[in-house]
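What follows is a set of notes on a single structure, which appears directly below.
The values are calculated or read from the model by the stated rules, or taken from the named source; none is laboratory data. Quick caveat: nothing in here was measured; it's all calculated off a predicted structure. With ideal geometry, Cβ positions are generated from the backbone for all residues, glycine too; neighbour counts draw on all protein chains shown.
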Amino acid sequence: MNTYTEKERAIPVYGTFDTVVVGGGFTGVGAAMAAAREGADTLIIERFACFGGSGTLALMNNINGFRNQVKPDHIQTSKGIAEEVILNLKEIDGLGKAAYRQEEYGAEPGKLSFGYAVDSEKLKYILLKMVVDAGAKILFHTMLSDAIMDGDTLKGIVVETKGGRYAIYAKNFVDASGDADLAFHAGVPFWQTKHDEEKRLGDGMMYKVIGYDPENRTYNEGTEANGGVEAGGAVTLWGPRAGGINSLDPDERTQAEIKTRLAVYEDLEEKKAKLPWLKDARIVETPQQLGIRQTRFIEGVYKITLDDVLEGRQFDDAIAMGSKPIIMYFGYRRFLEHPGYEIPYRCMLPKKVENLLVAGRCMSSDQPAFESWRSMAPVMCLGQAAGTACALSVKAGVTPRQLPIDQLQKVLKANNAEIGGPLERRK
Ligand SMILES: Cc1cc2nc3c(=O)[nH]c(=O)nc-3n(C[C@H](O)[C@H](O)[C@H](O)COP(=O)(O)OP(=O)(O)OC[C@H]3O[C@@H](n4cnc5c(N)ncnc54)[C@H](O)[C@@H]3O)c2cc1C
């Protein structure tokens, strides 16, 4: 490829913060809220104009991972801010009918079910309100484009806005971009499944329909959400599949967006022919973007593995839990035979760069483990842990790597996070 050498130039400094969170998906929202609530002067940047990431932008309005999908499921493994989101949605009638087979626990504190279908418009409203109420500063329409490094220490970021390019400084950062964009620019080593690799999760376009027959809807058959996600008077259907694309390649991503969007109406016609309850359905919404499940994974101090997940392992530096099945890797939905495993803080600590935590779907993990912990409830808990760690690090005048883990665990527990603990609880 030809290259162009950019000229050195001075750019305005937008501001200096305690903590900057890059990306406003479930992870970033959890991080920004936790950091701000813990007293950090926090900025969250997001390239679009709403929060929720895949949950709203890709219309994946099916939040799950609150507990094991099958028995033993007596531990609610995702709590804290993720639980608050569900309880707040319930208050404004924002919950729908679960898309998957699950034991129904209801929607009370500490008693959440495996997952919830949610009204994606109400979800946008609740996430925004929660971040505003937490006191974090928000910059929408802002795209991270570079890292400002001093050796291996991350000092700041460069962002693109409609007003031009700015530098933003902070004491520490959370990369919640889903794609590890900040870690990439900062030089953190990463791995990525190739687009033609079989064992990875595929990408696809969802869409919403109304005018269906709710009485005869065939949902919850088997373990797949083959009847779509029903909430807010509409059903969100899994539409055209893109396969597993390399969404970091601009052309490949664009072609996949074009291919899937152009196939949406045909996709509904095919479904109508097979499913009588969709006979009179019509499309009322397509998403902002194709749903992208996985791209870069950072190389962290620890990489969570399949064995950790299958054996329900515990860690001294546990900061969250996971309990979801491994959804595709084995060619079937592999449920866990225990109520949950712990996720160590070291998975969010990059091997190399200081002042940075990488949380959410790009955290340090192998493929099958990722297929378990990647859901929106657990990634929000990871975000909460990352944001809390950043705020505590600022207070203590240390980097997130130097933060004593017991301090972080204590504050997380005080804020209703589930981080695992004694084995007796697991029986
Ligand atoms: C097709 C599909 C089906 C799924 N099914 C389910 C399911 O049924 N239940 C479930 O719970 N989970 C499901 N998931 C998984 C879940 O949605 C994701 O793993 C989770 O939402 C990831 O959250 P995140 O915040 O880590 O990343 P993302 O949701 O990807 O959020 C990243 C955010 O960062 C922003 N961003 C990215 N780069 C930049 C940048 N350079 N500058 C500024 N902002 C940036 C993005 O716009 C986005 O808002 C599914 C995902 C997909 C795609």
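Return the residue satisfying two criteria in turn: it lies in the stretch 7-31 and is surrounded by fewer than 20 Cβ atoms within 10 Å (Cβ to Cβ) and among the hydrophobic types (A, V, I, L, M, F, W, C), and of such residues it is farthest from the ligand (Cβ to nearest atom).
As a first pass, look at the stretch 7-31 and keep what is surrounded by fewer than 20 Cβ atoms within 10 Å (Cβ to Cβ): 7-13, 15-16.
Retained after the next criterion (residues that are among the hydrophobic types (A, V, I, L, M, F, W, C)): 10-11, 13.
Numbers: Ala10: 22, Ile11: 16, Val13: 18 Å.
In this case the residue turns out to be Ala10.
Residues that are at pLDDT below 95 and of a type outside the set (A, V, I, L, M, F, W, C) were ranked within the stretch 47-63; the one that is nearest to Val264 (Cα to Cα) is Asn61.
Would you mind stating whether Leu290 is more than 18 Å from Glu230 (Cα to Cα) and outside the structural domain of Gly65 (by TED's automatic domain parsing)? So Leu290 fits the description; yes. Among the conditions (1) without any contact (Cβ under 8 Å) to a residue 24 or more places away in the chain; (2) within 30 Å of Glu103 (Cβ to Cβ), Arg9 misses just one, which is (2). When Gly163, Gly233, Gly211 are checked against the criterion of being outside the structural domain of Phe330 (by TED's automatic domain parsing), more than 24 Å from Ala40 (Cβ to Cβ), modelled with pLDDT of 95 or more and not basic (Lys, Arg), a single residue qualifies: Gly211.
Condition check: under 30 Å from Lys208 (Cβ atoms) and of a type in the set (A, V, I, L, M, F, W, C). Does Leu275 satisfy that? Break it down into steps so the answer makes sense when it comes.
Details: under 30 Å from Lys208 (Cβ atoms): yes; of a type in the set (A, V, I, L, M, F, W, C): yes.
Yes; evaluated as a whole, the condition is true for this residue.
Residue check: Ala34 meets all listed conditions (1) surrounded by 24 or more Cβ atoms within 10 Å (Cβ to Cβ); (2) touching a strand residue (DSSP E or B) at 6+ places or on another chain (Cβ under 7 Å) but one, namely (2). Going residue by residue through the stretch 393-401, is there one that turns out to be assigned to a helix (DSSP H, G or I), at pLDDT 95 or above, out of contact with any strand residue (DSSP E or B) (no Cβ under 8 Å at 6 or more places or on another chain) and within 16 Å of the ligand (Cβ to nearest atom)? For the stretch 393-401, residues assigned to a helix (DSSP H, G or I), at pLDDT 95 or above, out of contact with any strand residue (DSSP E or B) (no Cβ under 8 Å at 6 or more places or on another chain) and within 16 Å of the ligand (Cβ to nearest atom): absent. Number of residues in the stretch 64-88 that are within 14 Å of the ligand (Cβ to nearest atom) and more than 25 Å from Gly312 (Cβ to Cβ): the value is 1. Checking Ala386, Ala377, Ala417 one by one, the residue that is under 19 Å from Pro350 (Cα atoms) and under 23 Å from the mean Cα position of the chain (by Cα) is Ala386 and no other.
Anything in the stretch 170-195 that is assigned to a loop (DSSP other than H, G, I, E, B) and in contact with a Leu (Cβ under 8 Å, 6 or more places away or on another chain)? List them, or say none. Once the filter is applied, which keeps residues that are assigned to a loop (DSSP other than H, G, I, E, B) and in contact with a Leu (Cβ under 8 Å, 6 or more places away or on another chain), the stretch 170-195 yields Ser177, Asp179, Val188. Pairs linking a residue in the stretch 345-364 that is of a type in the set (D, E, K, R) to a residue that is at pLDDT 95 or above and part of a strand (DSSP E or B), with Cβ atoms under 7 Å and 6 or more positions apart or on different chains, are Arg346/Gly300; Lys351/Gly300; Glu354/Thr153; Glu354/Leu154. What do you reckon, is Ala147 away from the ligand (no atom under 14 Å from the Cβ) and among the hydrophobic types (A, V, I, L, M, F, W, C)? No, not satisfied.
Cβ-Cβ under 7 Å, sequence separation 6+ or interchain: first residue in the stretch 371-382 and of a type in the set (D, E, K, R), partner within 8 Å of the ligand (Cβ to nearest atom). Which pairs? Correct list of pairs: Glu371/Leu201; Arg374/Arg361. Among the candidates Ala176, Ala186, Ala170, which residue alone is touching a Ser or Thr at 6+ places or on another chain (Cβ under 7 Å) and farther than 23 Å from Gly52 by Cα? Testing whether each residue is touching a Ser or Thr at 6+ places or on another chain (Cβ under 7 Å) and farther than 23 Å from Gly52 by Cα leaves just Ala170.
Is there a residue being in the same structural domain as Gly23 (by TED's automatic domain parsing), near the ligand (Cβ under 10 Å from one of its atoms) and surrounded by 22 or more Cβ atoms within 10 Å (Cβ to Cβ) anywhere in the stretch 363-370?
Looking only at the stretch 363-370, we keep the residues that are in the same structural domain as Gly23 (by TED's automatic domain parsing), and these are 363-370.
If we keep only those that are near the ligand (Cβ under 10 Å from one of its atoms) as well, we get 363, 370.
Still in the running and surrounded by 22 or more Cβ atoms within 10 Å (Cβ to Cβ): 363, 370.
Yes - at least one qualifying residue is present in the stretch 363-370.
When Ile45 is tested against (1) crowded, with 24+ Cβ neighbours inside 10 Å; (2) more than 6 Å from the ligand (Cβ to nearest atom), just one condition goes unmet, and that condition is (2). Tell me yes or no: at least one residue of the stretch 96-106 is of a type in the set (S, T, N, Q), in contact with a helix residue (DSSP H, G or I) (Cβ under 7 Å, 6 or more places away or on another chain) and crowded, with 18+ Cβ neighbours inside 10 Å. Checked the stretch 96-106: no residue is of a type in the set (S, T, N, Q), in contact with a helix residue (DSSP H, G or I) (Cβ under 7 Å, 6 or more places away or on another chain) and crowded, with 18+ Cβ neighbours inside 10 Å.
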